[in-house]
Amino acid sequence: YLVASWFNRKVRVATSSFSTNRTTTSTTPVELGTEIRCAVALWADEAVSVGVTFVVNNPATEGVATRIAFDGTSPENDLASNQAATASLSLGAAISYHKLGLSEGTHYVTLLGNTSAGGTGTWLSDGAAGGRFTSIALRAG
């Protein structure tokens with residue numbers, strides 16, 4: 001049996017990606033899909049590192065924003081990757097973030113997105129191309 005205790009701490013890693021394209025027309029940050037959540041059990045003094053890579057296609061005349069959130073839909077310190085309004089541009093980008101101060105217990109990180117004026121923003125999945133176009137990696141410990 002694997003037992004986690006204060007005395008045998010191990011580094012934990014979780015990864016996830018979208019299985020299909022995810023879209024939103026929201027002008028405020030919303031979770032793009034629960035399947036991309038990465039969960040981990042933490043001790044109160046542990047740090048969490050998160051890396052997100054994504055490709056997003058914006059509406060023709062609007063910008064899009066991509067954010068991360070822990071345990072819900074409140075963006076983390078308003079950290080965002082913003083893509084300017086350019087006609088149907090697909091842009092690859094990444095976010096890296098480190099967090100201390102989560103309480104002891106189980107937590108998750110998720111991906112949020114929004115558009116600037118209500119058009120459809122699309123975060124791409126790996127599809128048939130074989131790449132992980134939108135994914136999250138989490139490291140704790």
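The values are calculated or read from the model by the stated rules, or taken from the named source; none is laboratory data. Please read these numbers as outputs of a predicted model, since none were measured by experiment. We place every Cβ from the backbone using ideal geometry, glycine too, and count neighbours over all the protein chains shown. All accessible areas refer to the heavy atoms of the entire protein, side chains included, with ligands and DNA or RNA removed. Shrake-Rupley method; radii C 1.70, N 1.55, O 1.52, S 1.80 Å.
Structure data summary
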item: Charge dipole (debye, nearest 20) of the chain; +1 at Cβ of Lys and Arg, -1 at Cβ of Asp and Glu; result: 340
item: Lys/Arg +1, Asp/Glu -1 at C-beta; the chain dipole; positive extreme among I136, V11, I36; result: V11
item: Area accessible to solvent at R139, 1.4 Å probe radius, in Å²; result: 110
item: Accessible heavy-atom area order of W43, W6, highest first, probe of 1.4 Å; result: W6, W43
item: Residue-normalised accessible area of the chain, expressed per residue, 1.4 Å probe, Å²; result: 51
item: Mean separation of Cα contacts under 8 Å (6+ apart) over length of the stretch 1-58, as relative contact order %; result: 32
item: Length added when fully stretched, L89-A44, from 0.36 nm per residue minus Cα-Cα; result: 12.0 nm
item: Heavy-atom accessible surface of the stretch 1-43: percent carbon and sulfur, 1.4 Å; result: 56
